[in-house]
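Student: Take this structure first; my questions come after.
The values are calculated or read from the model by the stated rules, or taken from the named source; none is laboratory data. A quick note: this is a predicted structure, and the numbers were derived from the prediction, not measured. Methodologically, a virtual Cβ is constructed for each residue, glycine included, from the backbone with ideal geometry; neighbour enumeration extends over all protein chains shown.
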Amino acid sequence: MNFRGKKIVVVGLGKSGIAAARFLAREGAVVTALDSKPQAEMENAILSLKDVGVSLRFGGNDPAVISSSDMAVISPGVSPSLEGLEDICRRGGAVVGEMELAVGRIDRPIVAVTGTNGKTTTTSLIGHLLENSGIRRVVAGNIGTPVLDLVDDANRSDAVILEVSSFQIETTPSLAPKISVLLNITPDHLDRHASFEEYAECKGTLVKRTVADGFGIYNVRDALVSRIVRGATCSLIPFDAEGGSHLKSGSAASWFDGEALMVSSGGGITRKYSLEGISLEGVHNRENMLAALTVCELLGADSDLLLEGLKSFKGLPHRMELVRDFDGVRYFNDSKGTNIGAVAKAISSLDAPIILIAGGISKGVDFSPLSSLVEEKVKKLVLIGESCEEMSRIFEGIADITRASSMREAVLIAASVAEPGDVVLLSPACASFDMFRNYADRGEQFAKCVMELADEK
């Protein structure tokens, strides 16, 4: 697409918005960039865009500026229903995301990973395994690096690995990956999507857009995922992290046989990957590993090198990260657990009594599906943030509940009731912006409080 002379508005100046604004300005567009935050908080955007001729406006999203534009590029956190965007569409203009500007300029195979939980771990693991196998790859997208910043690197690579959120699927209509991965679907972002059904269908769209001679890797254990991928024209490859005898028919599939990960990516050959020496634990991580191994085998990676890569991968910060073990109590940081599906997986992966620290901004999600797990495995529930009242109401009579006004207070309460053999788990089931800059800040504050407490002992 030729952007020269076009009047384009970029809404939202996080990493992807900055990348889009810089790219469009270089392409000769007349760019206005908006952000609802005050100018005092936008130093990074100002410095990044000061020399490229972008008009910057802060403190609100001006509907008049938006509606008079030929095209809009919106950040993932910006709703497509924002005032003014409909006017652009009515005139035949496009409303897209930063990723849409990039994918049409990439001529290498694209692997796109989505799902409610495990996206970042799976995407990172694929990148790690390919690197260990000597296969050139670029990793970008929702994982934190805008694709536009890596287009040149992408076209010098063997494969491009993208983490893709539901918001990015909505705003990247030309994304047609060679390989897609759909890990799971649980309720999330219902403050943005009209319904859970709409959210689920959006996730499934990625597999249905996969090129006909490509592959869609999906979690067959998730009934909703299995239903949504029906009708895809690509070759579908199921994985099952809890068994899989029903998959051993000679066709492409991957499964857990009770001891090892089994991967048959086609050709009648099944490879076995022992879990001995691998630090990733739990059913959710078996899902991530099975999906990642299948992708890497399809891309031609050597199985021996893949096994080496599995053993050297240590997981990611804020995802069931062991912070400290002292006084017989383990403290886990799962701050990235921002929805009920992630929390359910975290709780299920632990075989010890749990003191759970949870709460924040609810994102319109019903917490009640967690009730049975909380009743079964949580000995103490410590609540923080805006959702305290709502979560207290749902879990009343199910768990012993205490509210805390800060992360430090939450950690102190948890430590005061923890006994040897217990686990203190930060897995909030909520967004973080009521009390913290982001989920990483929340996790870092938890870790800091735990380390300070341990040092005081």
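Student: Based on this model, can you work out whether Cys296 counts as within 25 Å of Gly309 (Cα to Cα), assigned by TED's automatic domain parsing to the domain that holds Leu307 and modelled with pLDDT of 95 or more?
Tutor: When the stated conditions are applied, Cys296 passes them.
Student: Which condition number does Ser405 fail, the rest of (1) crowded, with 18+ Cβ neighbours inside 10 Å; (2) over 26 Å from Asp351 (Cα atoms); (3) free of Cβ contacts under 8 Å to residues at least 40 places away in the same chain being met?
Tutor: (1)
Student: Could you check, for the stretch 277-287, whether at least one of its residues is assigned by TED's automatic domain parsing to the domain that holds Lys119, of a type in the set (A, V, I, L, M), in contact with an Asp or Glu (Cβ under 8 Å, 6 or more places away or on another chain) and surrounded by 15 or more Cβ atoms within 10 Å (Cβ to Cβ)?
Tutor: no
Student: Across the stretch 1-24, what is the number of residues that are of a type in the set (S, T, N, Q) and loosely packed, with under 13 Cβ neighbours inside 10 Å?
Tutor: 1
Student: OK, next. Give the stretch 418-433 a look and list any residue that's crowded, with 16+ Cβ neighbours inside 10 Å and more than 15 Å from Phe367 (Cβ to Cβ), or say none.
Tutor: Once the filter is applied, which keeps residues that are crowded, with 16+ Cβ neighbours inside 10 Å and more than 15 Å from Phe367 (Cβ to Cβ), the stretch 418-433 yields Ala418, Asp422, Val423, Val424, Leu425, Leu426, Ser432.
Student: With in contact (Cβ under 8 Å) with a residue 24 or more places away in the chain, within 30 Å of Phe332 (Cβ to Cβ) and assigned to a strand (DSSP E or B) as the only criterion, which of Leu261, Leu224 stands out?
Tutor: One residue alone meets the criteria, Leu261.
Student: Quick one: Asp191 ticks every box in (1) in contact (Cβ under 8 Å) with a residue 60 or more places away in the chain; (2) crowded, with 17+ Cβ neighbours inside 10 Å bar one, so which box is it?
Tutor: (2)
Student: In addition: Which of the residues that make up the stretch 340-364 are surrounded by 24 or more Cβ atoms within 10 Å (Cβ to Cβ) and in a loop (DSSP other than H, G, I, E, B)?
Tutor: Within the stretch 340-364, Gly359, Gly360 qualify.
Student: May I pose another question? Yes or no: Asp325 surrounded by fewer than 15 Cβ atoms within 10 Å (Cβ to Cβ) and either under 28 Å from Leu425 (Cα atoms) or modelled with pLDDT under 95 (or both)?
Tutor: Yes; evaluated as a whole, the condition is true for this residue.
Student: Just for strands (runs of 3 or more DSSP E) wholly inside the stretch 45-157: which have at least 3 residues that are surrounded by 18 or more Cβ atoms within 10 Å (Cβ to Cβ), in contact (Cβ under 8 Å) with a residue 12 or more places away in the chain and in the same structural domain as Asp213 (by TED's automatic domain parsing)?
Tutor: Once the strands (runs of 3 or more DSSP E) in the stretch 45-157 are filtered for at least 3 residues that are surrounded by 18 or more Cβ atoms within 10 Å (Cβ to Cβ), in contact (Cβ under 8 Å) with a residue 12 or more places away in the chain and in the same structural domain as Asp213 (by TED's automatic domain parsing), what remains is 110-114, 137-141.
Student: With respect to Arg271, is the statement that it is more than 20 Å from the chain's Cα centre (by Cα) and buried (at least 17 other Cβ atoms within 10 Å of the Cβ) true?
Tutor: Criteria met by Arg271.
Student: Next up: Every residue in the stretch 25-44 that is surrounded by fewer than 20 Cβ atoms within 10 Å (Cβ to Cβ) and among the hydroxyl-bearing types (Ser, Thr, Tyr), please.
Tutor: Ser36, the sole residue that qualifies.
Student: Scan Ile74, Ile18, Ile66, Ile46 and give me the residue that is among the β-branched types (Val, Ile, Thr), modelled with pLDDT of 95 or more, more than 19 Å from Pro173 (Cβ to Cβ) and in contact with a strand residue (DSSP E or B) (Cβ under 6 Å, 6 or more places away or on another chain).
Tutor: Of the residues listed, the single one that is among the β-branched types (Val, Ile, Thr), modelled with pLDDT of 95 or more, more than 19 Å from Pro173 (Cβ to Cβ) and in contact with a strand residue (DSSP E or B) (Cβ under 6 Å, 6 or more places away or on another chain) is Ile66.
Student: A further question on this structure: Within the bounds of the stretch 219-234, is there any residue that is closer than 26 Å to Asn132 by Cβ, among the β-branched types (Val, Ile, Thr) and at pLDDT 95 or above?
Tutor: Checking the stretch 219-234: not a single residue is closer than 26 Å to Asn132 by Cβ, among the β-branched types (Val, Ile, Thr) and at pLDDT 95 or above.
Student: Specify the residue that is surrounded by the most Cβ atoms within 10 Å (Cβ to Cβ); the eligible residues are those in the stretch 159-175 that are of a type in the set (Gly, Ala, Ser) and touching a residue at least 60 places away in the same chain (Cβ under 8 Å).
Tutor: Restricting to residues being of a type in the set (Gly, Ala, Ser) and touching a residue at least 60 places away in the same chain (Cβ under 8 Å), the top hit is Ala159.
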